[in-house]
Amino acid sequence: MSASVTETDVQTEEHPIEPFIRMDRMPHIWCPTCGIGTVVKCYATALERLGLDLDKVSVVSGIGCTGRVAGYVKLDGFHTTHGRAIPFATGLKLARPELNVTVFSGDGDLSGIGGNHLIHAARRNMDLLVILVNNFIYAMTGGQNAPTTPETANSSTMPYGNFEQPFNLPNLVASAGANYVARWTCLHIRRVTKAIEEGLQRTGFRFIEVITPCSTLYSRRNKLGTGLNLMQYYHDNAEIRHGADTKELDITYQGKIVCGKFVDEDKPSFPERMRMHYEKVLGDDYVPMSPEGGWIGE
């Protein structure tokens with residue numbers, strides 16, 4: 001170590017993402033080798049690079065392992081009830097249109113109990129960035145089968161293997177009408193960060209699925225080894241195919257994981273369509289929302 005830099009200097013130097021994380025709540029609850037922390041790091045790095053006004057960035061999450069993200073980011077965060085992150089975020093965006101709203105939750109929360117909200121938010125092209133962390137299981141509540149559990153994979157509610165067909169989430173939201181759809185694994189740190197940067201700068205419904213390991217339940221039940229073994233699986237089986245047909249993105253048990261950016265369009269978002277509609281039908285009687293929220297003239 002250089003004589004001009006002491007050990008104390010190194011220990012007290014601020015971490016690059018410290019301005020975006022509630023350090024007083026560390027250590028976090030996530031298990032060793034869980035990929036959620038990596039995705040949060042990507043999100044914080046994207047915020048740092050874009051230099052956004054953090055007073056105008058909000059995170060909404062639901063229940064489950066990934067649902068704890070809202071409590072760890074140093075932003076206006078809202079930890080909502082199970083499956084209701086998207087409708088809460090929708091209300092927040094409509095009431096405060098100047099906010100950049102991110103929904104950050106898991107596959108069970110957003111595609112299971114909250115699945116109907118996911119579909120209709122994509123259909124409406126609601127102006128939200130949704131980061132769905134997919135670990136193939138209900139990881140916090142006992143390892144139950146999820147809407148994303150691959151066929152034949154073992155879960156606590158299907159100990160002899162899953163026989164249900166899982167969701168192909170990119171295809172689900174793309175077919176419903178999302179503006180931006182991408183999928184990566186948490187091994188693709190730079191690509192996840194770039195996708196989040198793009199998502200934060202676009203409008204409409206933006207959806208990023210990030211495949212992450214659950215070493216404690218999914219991996220243990222399926223005898224897949226440690227988190228390192230899972231990351232090796234991602235390394236060997238992730239196949240990048242930008243613009244791939246979303247109908248071909250099904251994930252099979254220990255099979256290929258097709259990653260990439262599949263949809264990147266610029267259709268009017270729900271707030272934009274609402275404004276254009278009422279300007280047309282009401283003309284001079286239309287009273288738009290102010291940039292600060294609320295109706296002009298209040």
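Scan region 132-158 for residues that are over 25 Å from residue 184 (Cα atoms), part of a loop (DSSP other than H, G, I, E, B) and without any contact (Cβ under 8 Å) to a residue 24 or more places away in the chain and the total you get is 1.
A Cβ distance below 9 Å, combined with a sequence gap of six or more or placement on separate chains, defines the contacts here; from region 252-266, residues that are in contact (Cβ under 8 Å) with a residue 24 or more places away in the chain and part of a strand (DSSP E or B) reach residues that are exposed (fewer than 14 other Cβ atoms within 10 Å of the Cβ) and among the acidic types (Asp, Glu) in the pairs 257/239; 258/239; 258/248; 259/239; 260/239; 262/245.
Within region 52-74, being at positive phi and at pLDDT 95 or above holds for no residue. Consider region 182-204 and keep the residues that are part of a helix (DSSP H, G or I) and more than 12 Å from the chain's Cα centre (by Cα). The one that is farthest from residue 234 (Cα to Cα) is 201. Return the residues of region 81-104 that are within 16 Å of the chain's Cα centre (by Cα) and modelled with pLDDT under 95; say none if nothing qualifies. Result: 82, 83.
Condition check ((1) free of Cβ contacts under 8 Å to residues at least 24 places away in the same chain; (2) in a helix (DSSP H, G or I); (3) buried (at least 17 other Cβ atoms within 10 Å of the Cβ)) across all residues:
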position	(1), (2), (3)
83	no, no, yes
87	no, yes, yes
92	no, yes, yes
98	no, no, no
109	no, yes, yes
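Filter region 46-65 down to residues that are surrounded by 20 or more Cβ atoms within 10 Å (Cβ to Cβ), under 24 Å from residue 94 (Cβ atoms) and of a type outside the set (A, V, I, L, M) and give me whichever is nearest to the chain's Cα centre (by Cα). Here the residue is 61. Would you check if residue 123 is modelled with pLDDT of 95 or more, within 23 Å of residue 180 (Cα to Cα) and surrounded by fewer than 16 Cβ atoms within 10 Å (Cβ to Cβ)? Answer is yes for this residue. Among the residues of region 165-181, those identified as part of a loop (DSSP other than H, G, I, E, B) and either modelled with pLDDT under 95 or farther than 19 Å from residue 256 by Cα (or both) are 177, 178, 179. Return a yes/no flag: does region 207-227 have any residue that is buried (at least 18 other Cβ atoms within 10 Å of the Cβ), polar (S, T, N, Q), within 20 Å of the chain's Cα centre (by Cα) and under 21 Å from residue 165 (Cα atoms). Scanning region 207-227 turns up at least one residue that is buried (at least 18 other Cβ atoms within 10 Å of the Cβ), polar (S, T, N, Q), within 20 Å of the chain's Cα centre (by Cα) and under 21 Å from residue 165 (Cα atoms).
Each residue in region 12-40 was checked for being under 18 Å from residue 139 (Cα atoms) and assigned to a loop (DSSP other than H, G, I, E, B), and 8 pass.
The values are calculated or read from the model by the stated rules, or taken from the named source; none is laboratory data. It should be emphasised that the depicted structure is a prediction, and the values quoted were computed from it without experimental measurement. A quick note on method: Cβ atoms are made from the backbone with ideal geometry, for glycine too, and the neighbour counts reach across all protein chains shown.
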